[in-house]
Amino acid sequence: MKELEDCGAKRATQQWIGENCDLVITMLPNSPQVKAVMLGEHGVASYMREGTVFIDMSSINPVASKEIAAVLAEKNI
């Protein structure tokens, strides 16, 4: 993380991201990681406001994408 911070990146918790970002983009290894980050305990989605946009750039199973989208749609995300 230090190398990224040295390049200007900032650390943030999932809560901070959900509460402060209008757009959330993930690029993670696979479906379980995307689900955990977004929908897991203290996941980003639990803090996101209505109207926030979520884009997943990961190479995950389309079924998982639809499952995540359905949960987010219930929150108007």
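The values are calculated or read from the model by the stated rules, or taken from the named source; none is laboratory data. Keep in mind that this is a model prediction, so the values were computed, not measured. Every residue, glycine as well, gets a Cβ built from its backbone with ideal geometry; the counts of neighbours run over all protein chains shown.
So here's what we get for this one:
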| quantity | calculated |
| --- | --- |
| Filter result (surrounded by 11 or more Cβ atoms within 10 Å (Cβ to Cβ) and either touching a residue at least 60 places away in the same chain (Cβ under 8 Å) or not hydrophobic (A, V, I, L, M, F, W, C) (or both)) within the stretch 1-14 | Thr13, Gln14 |
| Residues of the stretch 32-77 classified as closer than 20 Å to Asn20 by Cα and hydroxyl-bearing (Ser, Thr, Tyr), total | 3 |
| Residue check, Gly40 surrounded by 15 or more Cβ atoms within 10 Å (Cβ to Cβ), in contact with a strand residue (DSSP E or B) (Cβ under 8 Å, 6 or more places away or on another chain) and either among the small types (Gly, Ala, Ser) or closer than 15 Å to Ile60 by Cβ (or both) | no |
| Residues located in the stretch 15-35, provided they are in a loop (DSSP other than H, G, I, E, B) and surrounded by fewer than 14 Cβ atoms within 10 Å (Cβ to Cβ) | Asp22, Met27, Pro29, Asn30 |
| Ser58 in contact with a helix residue (DSSP H, G or I) (Cβ under 7 Å, 6 or more places away or on another chain) and either aliphatic (A, V, I, L, M) or free of Cβ contacts under 8 Å to residues at least 40 places away in the same chain (or both) | yes |
| Test for Lys10: is it under 25 Å from Ala70 (Cβ atoms), basic (Lys, Arg) and either at pLDDT below 95 or part of a helix (DSSP H, G or I) (or both) | no |
| Residues that are assigned to a helix (DSSP H, G or I), in contact with a strand residue (DSSP E or B) (Cβ under 7 Å, 6 or more places away or on another chain) and either surrounded by 17 or more Cβ atoms within 10 Å (Cβ to Cβ) or of a type in the set (Val, Ile, Thr) (or both), drawn from the stretch 43-66 | Val44 |
